[in-house]
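The values are calculated or read from the model by the stated rules, or taken from the named source; none is laboratory data. It should be emphasised that the depicted structure is a prediction, and the values quoted were computed from it without experimental measurement. Glycine also receives a Cβ, built like all others from the backbone with ideal geometry; neighbour counts cover every protein chain displayed. All accessible areas refer to the heavy atoms of the entire protein, side chains included, with ligands and DNA or RNA removed. Shrake-Rupley method; radii C 1.70, N 1.55, O 1.52, S 1.80 Å.
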Amino acid sequence: MRLKKIYILIILSLFSTSIQAQINTNRVLAIGRNALYFEDYVLAMQYFNQVIRIKPHMAEPYFYRGIAKISLEDYSGSEADCNEALSRNPFLIEAYRCRGIARINLNKYKEAIEDFDKGLEFAPENKALLICKAQAAIQNKDYKNAIDYFAHCIKKYPRYKEAYLGRGYSFFANEDTLSALNDFNKTIELDKFYADGLSAKATLLYELENYEEAGKLIDEAIRLEPYKSNFYINRGLIRYQLQNIRGAMDDYNHVVHLDPNNILAYYNRGILRAQIGDDNRAIEDFERVIEFEPDNDFAIYNRAILRNKIGELEGAIADLNTILKKHPHFFPAYYLRADAKSKLFDKKGAEKDYNTGMLIEKKVLTKEEIAKKSNERSTRESSESDLHKHNKLAVASKEEQKRRLTYKGESRGRIQNVNFHIEMEQD
């Protein structure tokens, strides 16, 4: 009889432990979701890891951990977690979106679109999946299909301003300026306080060289959302075209304050500082660029020019050696190095560099090319490699502009702006 009681007590104890484990895992999962809601991703992952250890058959902790990993830019890890989640629950729609987003960041565009399509099989009206599918096409430079995908979304949601914005960028990328302008106008018509729509139209008007109107729009966008650094980058370019150098400088100062790692702002501020003779601080800006991008030849060459100007001749020559090693036909660097060597009384070296520069110039640059370069715009794309444009402000390349879809970053970069269905657990 005693043995029977002991056996019953053991069974009850095990049953109680099992219930306690069930309660604990649910509670731990809820705490992890709360941490995710408040963007504490590392802490959230710790809780999800606990649940996975106790209940490895559950799909949700893998899915939530996948979201946290995207936020920490671990896209491969996120893809793997979503694989685990979907192997346990193939009907978890948000896991398809999460995996698709991870795959876009891994440049697996075809697979990403397949994920969004799979999610749409279960939820054909899901706006987020429709938008993500379109953006995956844009990342793959498939602008025609992107336009079609956005059009499909607009058909279902005719007042969805983000879809018009995305399609407008797609038209812009596909060189259809008129259609892009129509979509940006529609975006603003739907919401005149939509800063991203105003900024998009300002960018297009800037490309059309309508700087006055572009300036008014970007001013309003900044008034509405004063903490977006790319707005100030764009306004700096517009102000520069309007000959407002001090205003442009103020904008780049503001960008650096908001985003201390913004390479474009440091570079452009360096160009402006050099133009007004603030040589030492211009060098500081170019050095900041080189710190982030050691192979940025434009910054290195500009630093060489300024070093030569202020008498840091050995540093200038070192920079020019770097440039000429990579660009042996860039004749202005030979002339500049000749000047620096002359100041160091290296007459033989200076003469050799000067003569080399002359020979290359006659060989590679025709009169027609000189005339063409003199008529070019006062800015250059950041992706360009022509060092003859070293003294021009840098703008985001067309590829970067095409990727800069501002409907809350549905699939690029950190995930805290992506609206997954995560709710804070109520007590």
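At-a-glance table
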| item | result |
| --- | --- |
| Dimensionless Rg ratio for the range 109-233, taking C-alpha atoms and the 2.2 N^0.38 Å reference | 1.09 |
| Net charge over other residues, Cβ less than 11 angstrom from the Cβ of A274 (K, R count +1; D, E count -1) | +2 |
| Low-density loop cleavage sites - chymotrypsin sites (Phe, Trp or Tyr not before Pro) in the range 40-126, where at most 14 other Cβ are within 10 Å (DSSP) | F91 |
| For the range 295-348: Kirkwood Rh in Å [reciprocal of mean 1/r, alpha carbons] | 10.8 |
| Magnitude of the charge dipole, the range 116-225, Cβ model with Lys/Arg +1 and Asp/Glu -1, debye to 20 | 460 |
| Solvent-accessible area per residue, Å², over the range 122-256 with all protein chains present [probe radius 1.4 Å] | 43 |
| Protein-only accessible surface order, largest first, of V255, V42 at 1.4 Å | V42, V255 |
| Alpha-carbon Debye profile of the range 114-160, log10 I(q)/I(0) at 0.28, 0.32 Å⁻¹ | -1.03, -1.19 |
| Stokes-Einstein translational diffusion, the range 51-105 - Kirkwood Rh over all Cα pairs, 1.567 mPa s, 4 °C, in µm²/s | 122 |
| Sorted largest first, extent of the range 241-306 alpha carbons per principal axis (Å) | 31, 25, 19 |
| Ranked order, D278, D295 - accessible area, probe 1.4 Å, largest first | D295, D278 |
| Apportionment of accessible area to carbon and sulfur, the range 60-104, percent (1.4 Å) | 46 |
| Net lengthening on full extension, L43/F345 (0.36 nm per residue, minus Cα-Cα) | 102.5 nm |
| Relative contact order (%) - criterion: Cα under 8 Å, at least six apart; region: the range 214-296 | 20 |
| Cubic angstrom per residue, convex hull over Cα atoms of the range 213-344 | 105 |
| Heavy-atom SASA rank of E207, E94, E284 (probe 1.4 Å, accessible area, largest first) | E284, E207, E94 |
| Volume per residue of the C-alpha convex hull in the range 57-174, rounded to whole Å³ | 91 |
| Options Y266, L242, P226, ranked by Cα towards positive dipole end of the range 173-277, top entry (Cβ charges) | Y266 |
